[in-house]
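Chemist: Pasting in a structure now, in C-alpha cells, and then I'll have a few things to ask.
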Amino acid sequence: MTSTLLRKAVGVTSLLLVAATVVMGLFVTPPDVVQGNLARLLYVHPPVAWVAYLAYGVTSIASGLYLWRPTRSLKWDRIAVASAEVGVVFTGLTLVTGSIWGRPAWGVWWTWDARLTTTAILFVLYLGYLALRRIPLSPEVRAKRSAVAALIAFIDVPIVHESVVWWRTLHQGATVATLGANTKVHGIMAWTLLLGFIAFTMVYIWMAMVRYRVETMSAELEATQFEAWEAERLAESTTGDEAIGRLLDPSPGVQSDQGVARR
Amino acid sequence: MPADDSVSLSSVTVTLAGFPALLNLTLEVKAGETVFLRGPNGAGKTTLLRTLAGLEKLTRGRARVLGVELPGGERSLRALAGMMGTRSHLYEDLTVSENLDLARRLLLVPSSRIDDAAELFGVRGRLWRQRVASLSAGQKRRVALAALVAKNPRLWLLDEPHSSLDASGRELLDKLLVEATRRGAIAIVASHEADAASAAGRVVDMVGGTTRGAIPRPSPEAQA
Amino acid sequence: MIRRAWAVARKDMLIEFRSKVALNQVIPFALAVLLTFGFALDTRDRLLAEIAPGLFWVVVLFSSLYLISRSFRVERENSAMEGLVLYGVDPMAIFLGKLAALAVQMFVLEAVAAAGIAVLFNPPVGSLGLLAISAVAATLAIGSIGLVYGALSSSEHSGESLLPLLVIPVLAPIVISAAKCWSDAESAGTGIYDPWLKIVAIFSVVFLAVGAAAFGPAMED
C-alpha cells in the first residue's frame with residue numbers, strides 16, 4: 001500500500017515539475033541572444049539525454065548485481081528491464097529533440113558528430129537488449145543472459161564513444177561542442193535548466209517504478225501459477241488408495257520371475 | 001577416486017520455466033544398484049536424469065551425487081556421470097568415426113577404447129565411414145552408446161534406452177549394465193514397464209515430480 | 001584445456017569440410033554483395049576505390065553473421081553442445097575452439113572478399129602488412145563478440161534472426177577502426193605504424209577479453 005502511495009506521489013510530483021518546467025521554459029525565461037526561441041530546447045534536450053544515460057547506468061548496476069552471486073535476485077533483473085525500457089524511450093526522445101534543434105541551428109537533421117553517433121548506436125544497442133529479453137526462456141536464464149548483454153553494452157558504450165570521437169576528430173572539429181559553448185547559460189535560464197533536470201529525473205523514477213510494478217505483478221502471477229502447478233503436482237503423486245494397493249500387492253510388472261526364483 | 005559412490009537426493013525441487021518438474025523428491029541409491037524409473041509422461045523421469053547429470057539446477061533441496069554436492073558442483077558432476085537422453089548428441093555432418101574420434105579427444109582416452117566400443121555396438125564396419133545424418137534412429141543410438149561406454153561413467157543415466165534399439169542391441173545394453181553395476185557403478189534407467197520387468201533392479205514409481213511407493217528389492221549382484 | 005579446445009576447433013573445421021556451407025554459401029554471398037554495390041553505385045571508379053575499405057568490413061561483418069549462426073546451428077542439432085558439456089569440456093575450451101575455427105573461416109572469407117574488391121574496384125594498395133595485421137585483430141574481435149551473442153540468442157525459437165541486431169551495434173568501433181586502417185593502408189603513408197592499427201589492436205584485446213569472460217555465463221543456463 002505504501003509503495004502504491006509513494007508511486008502516486010512521485011507521479012504527481014513529476015507531472016507538476018514538468019508543468020513548471022514548461023511554464024518557466026516557454027514564458028518566464030527570455031529568448032537567447034543568438035538562437036532566439038530555439039534555445040528553449042535547452043530545458044528539454046540535455047535533461048532528456050541525461051535521463052537516458054542515467055537509466056542505462058541503473059540497468060548496468062542492476063545487471064551486475066544480478067550476476068554477482070551474493071546479491072543474485074530476480075529483483076535486480078526487474079529493475080534492469082524497467083530502467084532499460086525507460087532508457088530506450090528517453091534515448092529516442094534525445095535523438096528526436098536533438099534533430100529538431102539541429103535542423104534550424106546547423107541546417108541539418110543529422111550530423112556525424114561523436115555524441116550523436118554514440119547516442120544512435122546506444123539506441124540500437126538497447127533495442128537489441130530488449131529484443132533479447134523477448135526470446136521465450138525461463139526467468140532465471142533470461143535474467144542471466146540479458147544481464148550479460150547489458151554488461152557488454154556497458155563496457156561497449158565508452159569504446160563506441162572513443163572510437164567515434166577519434167573517427168571524427170581526425171577529420172573535422174566537434175561541431176556540437178563549439179556550438180554549445182556559444183550558448184551562455186546564466187540566471188533564470190540556469191535555474192530553469194536545473195528544474196528541467198530534476199523534473200525529467202522524477203519522470204524517469206516514476207516511469208521506472210510503474211514499469212517495475214508491472215514486472216513484479218507478472219512475476220507474482222507466475223508465482224500463483226507455480227503454486228497451482230505445485231498443488232496439481234502434489235495431487236498427482238498422492239492418489240492414496242492406488243498407491244497403497246501397489247505397495248501391498250506386488251504388481252506383475254515389478255516382481256519378476258527371476259526375483260521370485262531367487263527367494 | 002572419492003570413496004562416495006552413491007546418490008542421495010533430499011527434498012529436491014527442480015523448476016523448468018516455472019513448472020515444478022521435480023517436487024520434493026527424495027531418493028537414495030547405493031553403489032552397484034540399478035534403479036528403474038517408471039511413470040507416466042510428465043512424471044519427471046527425464047528431469048531427474050538430467051539433474052543427476054548436472055544439466056539442471058536445483059531450485060530447492062540438496063543432493064550428493066558421486067561425492068559431488070548439488071547445488072554448486074554441476075560442472076564437475078557432468079564430467080563424472082554418463083547420460084544418454086533422447087537426443088544423440090552427435091554431429092549430423094560428421095561420420096560415425098569422426099564423431100567417436102571427437103569423443104576420444106574430449107575424453108582423453110586411447111583410440112583402442114573407442115575402437116572396442118564401436119566394435120561392441122557393431123558400428124565399426126559398414127557404418128564407420130557414413131555420415132550420422134544418413135543413419136537410422138537405432139544406429140545413432142548405438143553410436144551414442146559406444147561413446148558412453150568409452151567414457152565408462154560411474155553413474156549411468158539412460159532415458160528410454162530401449163526405444164529404437166533392436167533385440168540384440170537391448171540385450172547388449174542390459175548385459176553392459178549388469179557388468180557395470182557389478183563393478184560398483186550405479187545405473188538409473190527411465191523405462192517402460194516391460195523393460196523394467198526384464199532386468200533385475202529396484203523399481204521406483206514416479207508421478208507428479210516425485211517418487212511413489214519405492215519398492216525395494218535386492219538385486220542379485222548385491223547379494224552375491 | 002588446450003587439447004580439448006583444439007578438438008573442438010578441429011571438429012568445427014571438419015564439419016565445414018564435410019558440409020562446405022561457408023565455401024558454397026557464405027563466400028559466394030559476400031561476392032554477390034560486392035557486385036551489387038558495384039551496380040548500385042554505378043561503377044564510378046574513384047568512388048568505389050574510396051569506399052572500398054568500409055565496404056569490405058561491412059561485407060565481412062554481415063557474412064560473418066552467417067558463419068556465427070551456422071556455428072551454433074550445428075550445436076543445436078541433436079543437442080550436440082550438451083554432449084560437449086557432458087564430456088566435461090569447460091566453456092573456455094569451447095569458446096577458444098569455436099573461435100579458432102570461426103576465425104579460420106573468416107580469414108578465407110576475407111581473402112576472397114579482398115581479392116574481389118581488388119579486381120572489381122581496383123583500389124590502390126600501399127601497405128599489405130597493415131591490411132593483414134588489422135584484419136587479424138578485427139577478425140578475432142568480431143568472432144569473439146559474435147560467439148557470445150550467438151550463445152546469448154541461441155534458443156529453440158526466434159533467436160537466430162536476433163543475432164545481427166545484437167552484434168552490429170556492439171562491433172561499431174571495430175568496423176570504424178578497421179575500415180580506417182584499410183583506408184590508411186591504401187595510401188601506404190605510415191605503414192604498420194598507423195595510429196588506427198593501435199586502436200584496432202586495443203579494441204581487439206578488449207573484445208577478446210570480454211568474449212572470453214562472458215561466453216561461459218552466456219552458454220550455461
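Chemist: When only Cα pairs under 8 Å and 6 or more residues apart are kept, what is the percent relative contact order across chain B?
Modeler: This gives 30 percent for chain B.
Chemist: Considering only protein heavy atoms, with the full assembly of protein chains and a 1.4 angstrom probe, order B:Arg75, B:Arg154, B:Arg183 by accessible area, largest first.
Modeler: Heavy-atom accessible area, descending, gives B:Arg183, B:Arg75, B:Arg154.
Chemist: Which of the residues in the range C:62-84 lose at least 50 Å² of accessible area when you go from the chain alone to all protein chains together (probe 1.4 Å)?
Modeler: The answer is C:Asn78, C:Glu82 - residues whose exposure falls by at least 50 Å² when every protein chain is included.
Chemist: Hey, can you find the accessible area per residue of chain C for me, probe 1.4 Å, expressed in square angstrom?
Modeler: 39 Å²
Chemist: Expressed as cubic angstrom per residue, what is the convex hull volume of the alpha carbon set of the range C:167-215? Mind showing how you got there, number by number?
Modeler: On the way: hull volume 3.0 nm³, N = 49.
Enclosed volume per residue, from the Cα hull, is 62 Å³.
Chemist: Could you work out the mean count of beta carbons from other protein chains within 10 Å of each residue's beta carbon in A:36-43?
Modeler: 0
Chemist: For peptide B:52-58, what's the mean number of Cβ atoms from other chains within 10 Å of each residue's Cβ?
Modeler: 2
Chemist: Whole percent per 20 Å bin, from 0 to the bin with the longest distance: what is P(r) over all C-alpha pairs of the protein assembly as shown?
Modeler: Per 20 Å bin, starting at zero, the Cα-Cα P(r) for the protein assembly as shown comes out as 15, 39, 30, 13, 2, 0 percent.
Chemist: Using only the alpha carbons of the range A:1-81, determine the length spanned along each of the three principal axes and report them from longest to shortest in whole angstroms.
Modeler: Cα spread of the range A:1-81 along its principal axes, largest to smallest: 55, 32, 14 Å.
Chemist: Same structure, new question: Report, in order of residue number, the helices in chain B meeting two criteria: a C-alpha extent of 18 Å or more along the helix axis, and a mean Kyte-Doolittle hydropathy of at least -1.0; treat each whole DSSP H run as one helix.
Modeler: B:137-151, B:167-182
Chemist: Expressed in nm², what is the orientationally averaged projection area of the convex hull enclosing the Cα positions of the range C:1-148?
Modeler: The number I arrive at for the range C:1-148 is 9.2 nm².
Chemist: With all distinct Cα pairs included, what does the Kirkwood hydrodynamic radius of chain B come out to in Å, to one decimal, could you say?
Modeler: 17.8 Å
Chemist: Further question: Provide A:Arg145, A:Arg115 ordered by accessible surface of protein heavy atoms (probe 1.4 Å), highest first.
Modeler: In descending accessible area the options line up as A:Arg115, A:Arg145.
Chemist: How compact is the range B:128-182 by the rule of thumb for globular proteins, expressed as Cα Rg over 2.2 N^0.38 Å?
Modeler: Details: Rg = 11.7 Å, N = 55, 2.2 N^0.38 = 10.1 Å.
So the range B:128-182 has a normalised radius of gyration of 1.16.
Chemist: Here's another thing I want to ask about it. Which of the peptides A:132-139, B:52-59 is most tightly packed, and how do the rest follow, going by the mean number of other Cβ atoms within 10 Å of each residue? Show your work: numbers first, answer last.
Modeler: On the way: A:132-139: 16.5, B:52-59: 21.4.
Sorting A:132-139, B:52-59 by mean packing, highest first, produces B:52-59, A:132-139.
Chemist: With unit charges on the beta carbon (Lys/Arg positive, Asp/Glu negative), name the residue among C:Leu152, C:Pro169, C:Trp196 whose Cα is farthest towards the positive pole of the charge dipole of the range C:86-221.
Modeler: C:Trp196
Chemist: Also, I was wondering about something else. For the protein assembly as shown, with all protein chains present and a 1.4 Å probe, just round the carbon and sulfur fraction of the accessible area to a whole percent.
Modeler: Ligands and nucleic acids excluded, carbon and sulfur give 64 percent.
Chemist: Follow-up. Once you compute Rg and the Kirkwood Rh from C-alpha atoms, what is the Rg to Rh ratio for the range B:4-117?
Modeler: Details: Rg = 16.1 Å, Rh = 15.8 Å.
My calculation of the ratio gives 1.02.
Chemist: Between B:Thr26 and C:Ala118, with labels modelled 7 Å along Cα→Cβ, what's the label distance in nm to one decimal, could you check?
Modeler: Here the answer is 7.4 nm between the modelled labels.
Chemist: Hey, another quick one. In nanometres, what is the gap between the two model label sites at A:Leu221 and A:Arg69, each 7 Å from Cα along Cα-to-Cβ?
Modeler: 3.4 nm
Chemist: Please give, to one decimal in nm, the separation of the simple spin-label points placed at C:Lys20 and C:Phe62, each 7 Å out from Cα toward the Cβ.
Modeler: For the pair C:Lys20/C:Phe62, the computed spacing is 2.5 nm.
Chemist: In the Gaussian network model of chain B, springs joining C-alpha atoms below 10 Å, which of B:Asn24, B:Asn41, B:Asn152 carries the largest mean-square fluctuation?
Modeler: B:Asn41
Chemist: Could I ask something else about it? Using a 10 Å cut-off on Cβ atoms, rank the peptides C:55-68, C:115-128, C:12-25 from the highest mean neighbour count down.
Modeler: The densest-packed peptide leads the list: C:55-68, C:12-25, C:115-128.
Chemist: Quick check: convex hull of the Cα atoms in the range A:76-155, volume per residue, rounded to a whole Å³?
Modeler: 82 Å³
Chemist: Okay, next question. Using the C-alpha atoms of the range B:104-207, what convex hull volume per residue, in cubic angstrom, is computed?
Modeler: Output value, Cα hull per residue: 123 Å³.
Chemist: Which sequence of C:Val104, C:Val170 reflects their accessible areas, 1.4 Å probe, from the largest down?
Modeler: C:Val104, C:Val170
Chemist: Within 10 Å of each Cβ of A:149-158, how many other protein chain Cβ atoms are there on average? It would help to have the intermediate numbers written out before the result.
Modeler: Working: counts 8, 0, 4, 12, 3, 0, 7, 10, 2, 1.
Per residue, the average neighbour count from other chains is 5.
Chemist: Would you mind giving the three semi-axes, in whole Å and largest first, of the ellipsoid equivalent to the range C:65-208 according to its Cα gyration tensor?
Modeler: Its equivalent ellipsoid spans semi-axes of 32, 15, 14 Å.
Chemist: Can you give the accessible area of A:Leu127, probe radius 1.4 Å, in Å² rounded to 10?
Modeler: About 70 Å², ignoring ligands and nucleic acids.
Chemist: Would you mind classifying the range B:4-44 by shape? Square roots of the alpha carbon gyration tensor eigenvalues, ordered a ≥ b ≥ c; an a/c under 1.5 is rounded, otherwise it is prolate if a/b is larger than b/c and oblate if not.
Modeler: Cα axes put the range B:4-44 in the oblate bin.
Chemist: Heavy atoms of the protein only, probe of 1.4 Å, neighbouring chains included. What is the accessible area of C:Leu31 in Å², nearest 10?
Modeler: Approximately 60 Å² for this residue.
Chemist: As an exercise, use a Förster radius of 41 Å and the Cβ-Cβ distance of A:Val214 and B:Arg183 to find the FRET efficiency, rounded to the nearest 0.05.
Modeler: 0.10
The values are calculated or read from the model by the stated rules, or taken from the named source; none is laboratory data. The structure presented is a predicted model; accordingly, all values stated were derived computationally and were not measured. In this analysis, Cβ positions are derived from the backbone assuming ideal geometry, glycine residues included, and neighbour counts consider all displayed protein chains. For the accessible areas, the whole protein counts, side chains as well, though only heavy atoms, and no ligand, DNA or RNA atoms are used. Shrake-Rupley method; radii C 1.70, N 1.55, O 1.52, S 1.80 Å.
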